[in-house]
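Notes follow once the structure below has been shown.
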Amino acid sequence: AVAGAALLNPATTVTARGHAARQSRGGPLVPRGAKFRVLATAYSSTPDQTDASPFITASGTHVHDGTIATNTFPFGTTVRFLNYRADMAFIVEDRHHPRLSDRVDIWFPSRAEALRFGTRVLEMEVLE
């Protein structure tokens, strides 16, 4: 698995120890089409869940519908969740505290929406 993501498609270049065949500065390079089962949580732009600039991601973009935070994949990696809003592309644009490296965080515009999402196990596919 890749840092907390359980591999669904063992035919990819990701090994059972979580290392990709090549590395980039932002994390492992994972082939398009690779599928993982991931622990997904939610966050919003509130000061207690972010740093001093809650609407700016770690990559320098403004948060938006489709922003995700993970320490596992490089910035700009595009994914979709097969069992949650499968028609939408999500982009890795943010990071979170290292103690939370075992998950993917989905951004929501409000704390209430983030709380409603809760914690789920999602099937994630790498698009690019």
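Take the conditions (1) open to solvent by less than 70 Å² (accessible area, probe 1.4 Å); (2) out of contact with any strand residue (DSSP E or B) (no Cβ under 6 Å at 6 or more places or on another chain); (3) modelled with pLDDT under 85; (4) not basic (Lys, Arg); residue 6 misses just one of them, which is (2). Taking the criterion of being within 17 Å of residue 41 (Cβ to Cβ), within 10 Å of the chain's Cα centre (by Cα) and either of a type in the set (Lys, Arg) or in a loop (DSSP other than H, G, I, E, B) (or both), the only residue of the stretch 77-95 that qualifies is 95. Taken together, 108, 73, 90, 81 contain a single residue that is surrounded by 19 or more Cβ atoms within 10 Å (Cβ to Cβ), at pLDDT below 95 and aromatic (Phe, Trp, Tyr), which is 73. With respect to being touching a strand residue (DSSP E or B) at 6+ places or on another chain (Cβ under 9 Å), more than 18 Å from residue 31 (Cα to Cα), of a type outside the set (Lys, Arg) and open to solvent by less than 70 Å² (accessible area, probe 1.4 Å), residue 96 fits the description.
Condition check for residue 71 on (1) assigned to a loop (DSSP other than H, G, I, E, B); (2) over 10 Å from the mean Cα position of the chain (by Cα); (3) more than 21 Å from residue 33 (Cβ to Cβ): one failure, at (2).
The values are calculated or read from the model by the stated rules, or taken from the named source; none is laboratory data. Just so you know, these numbers come straight off a predicted model, no measurement behind them. Heads up, the Cβs are rebuilt from the backbone with ideal geometry, glycines too, and the neighbour counts pull from every protein chain shown. Heavy atoms of the whole protein, side chains included, go into the accessibility calculation; ligands, DNA and RNA do not. Shrake-Rupley method; radii C 1.70, N 1.55, O 1.52, S 1.80 Å.
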